[in-house]
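What follows is one structure encoded as structure tokens, with my remarks underneath.
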Amino acid sequence: MRTPPLILIVEDNPANLDILKTRLEAHHYEVITAIDGEAGLAMAREKQPDLILLDIMMPKMDGLEVCRRIKEDTSLSFIPIIMVTAKADPKDVITGLEAGSDEYLTKPVDHAALIARVKSMLRIKDLHDTVRDQAAKLEEWNQTLEHRVEEQLSELERIGRLKRFLSPQLAELIVSSEDEGLLESHRREITVVFCDLRGFTAFSETGEPEEVMDVLREYHEAMGALIFRFEGTLDCFAGDGMMVFFNDPLPCAEPALRAITMAVAMRESMGDLIKKWGKYSYQLGFGIGIDQGYATLGKIGFEGRFDYTAIGTVTNLASRLCDEAKNTQILISQRVYVAVEEVVDVEPLDELSLKGFSRPVAAYNVLSLKGGSPAASG
């Protein structure tokens, strides 16, 4: 409601119109006027006053018809109407109320009654406007809340998708940057780590399914924690085999050293698990292969099920080195060794003839990080 309130007087008698206008302006109301029903209806639609004083007997359109049209007009907000007439017949009062009026005054208008009814109707108008504004704000808040919930759900879905192959830290970083373009196809140098269990195939053929599942669960939990700790990107795991790479989708400092450090931590963690499994006569071991080189990386899959992978010779060589690794061995390529030779102790191996490679490949077995943990005994 306006301050001061705007009141429209619709009255065809100039003397009555002047009296009403003077009395209302004396109480600091803003007043506008119309001298017939059609003009009053047009004024109400144009100005949308806070209150209307409406005479019944007028030319062109009587007050009852004006009242009906105002109340039926959905484009108008709620406007209280006080009927003002010389008729005092109760039937006329009822007719006016049925037309939609909110109050009734008879002529000659008593000054005190006029002001009391005006104040009463304006309180109702003010309350109506307050409720309307609060409802509008509530609707706005609901829409804002709905939008925020949609954004948060979308973010959770994005993080959930990314966490399938990224550590939580990297997933949240990519989501916060709102740049999933990092996952589109591109080429980059990465360090790839392959690891799997020695003797798992034989174990899965002879062990009970529940035993195999328990072993895989413990294995995945132990390795997954380390992958997340070192912020590696988990390409995939199939049974006991895992492929992890570093320096993508976000670059990292010294990816080869990070890969080696993770591999040594994996070997230490697996040592405890292998001892535990040995108590149940599970004949299992653990081996790792690591290479560094360029690969093509990006999303693969279909809508609703995407993975993020690396393709290239570097992944093949890491996989072949893993195949050659004996229990507790971490086999690295020449390129990886050059990147970390200052910080690791290694045992050079004879060149390896690997499937898919036309020439023998130089390889090294990582014994320990210098000043760190030695190789586990197998």
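Quick notes on this structure:
- All positions within region 253-269 that are out of contact with any helix residue (DSSP H, G or I) (no Cβ under 7 Å at 6 or more places or on another chain), of a type in the set (A, V, I, L, M) and either in contact (Cβ under 8 Å) with a residue 60 or more places away in the chain or assigned to a helix (DSSP H, G or I) (or both): Ala259, Ala263, Val264
- Members of region 222-252 that are in contact with a Cys (Cβ under 8 Å, 6 or more places away or on another chain), part of a strand (DSSP E or B) and farther than 18 Å from Ser185 by Cα: Gly241, Met242, Met243
- Verdict on Arg335 being under 26 Å from Leu216 (Cα atoms) and at pLDDT 95 or above: no
- The condition of being of a type outside the set (Val, Ile, Thr) and in a strand (DSSP E or B) holds for Asp307.
- Selection of region 1-49 for residues being assigned to a loop (DSSP other than H, G, I, E, B) and charged (D, E, K, R) yields Arg2, Glu11, Asp12, Asp36.
- Hits in region 64-107 (condition: of a type in the set (Val, Ile, Thr) and touching a strand residue (DSSP E or B) at 6+ places or on another chain (Cβ under 9 Å)): Val66, Ile70, Ile79, Ile81, Ile82, Val84, Thr85, Val93, Thr106
- Of all residues in region 44-61 being aliphatic (A, V, I, L, M) and touching a Ser or Thr at 6+ places or on another chain (Cβ under 8 Å), the one that is farthest from Glu98 (Cα to Cα): Met57
- Region 252-297, residues that are more than 27 Å from Gly371 (Cα to Cα), surrounded by fewer than 19 Cβ atoms within 10 Å (Cβ to Cβ) and either at pLDDT below 90 or out of contact with any Gly (no Cβ under 8 Å at 6 or more places or on another chain) (or both): Lys276, Gly278, Lys279, Tyr280, Ser281
- Residue list for region 113-160, filter: within 22 Å of Ile56 (Cβ to Cβ) and of a type outside the set (D, E, K, R): Ala113, Leu114, Ile115, Ala116, Val118, Ser120, Met121, Leu122, Ile124
- Members of region 58-88 found to be surrounded by fewer than 22 Cβ atoms within 10 Å (Cβ to Cβ), over 22 Å from Ser120 (Cβ atoms) and touching a residue at least 40 places away in the same chain (Cβ under 8 Å), listed by number: Pro59
- Subset of region 197-225 [within 30 Å of the chain's Cα centre (by Cα) and buried (at least 18 other Cβ atoms within 10 Å of the Cβ)]: Met223
The values are calculated or read from the model by the stated rules, or taken from the named source; none is laboratory data. Only a predicted model underlies this, so the values are computations on that prediction, with no experimental measurement involved. Note: ideal-geometry Cβ built from the backbone for every residue, glycine included; neighbour counts use all protein chains shown.
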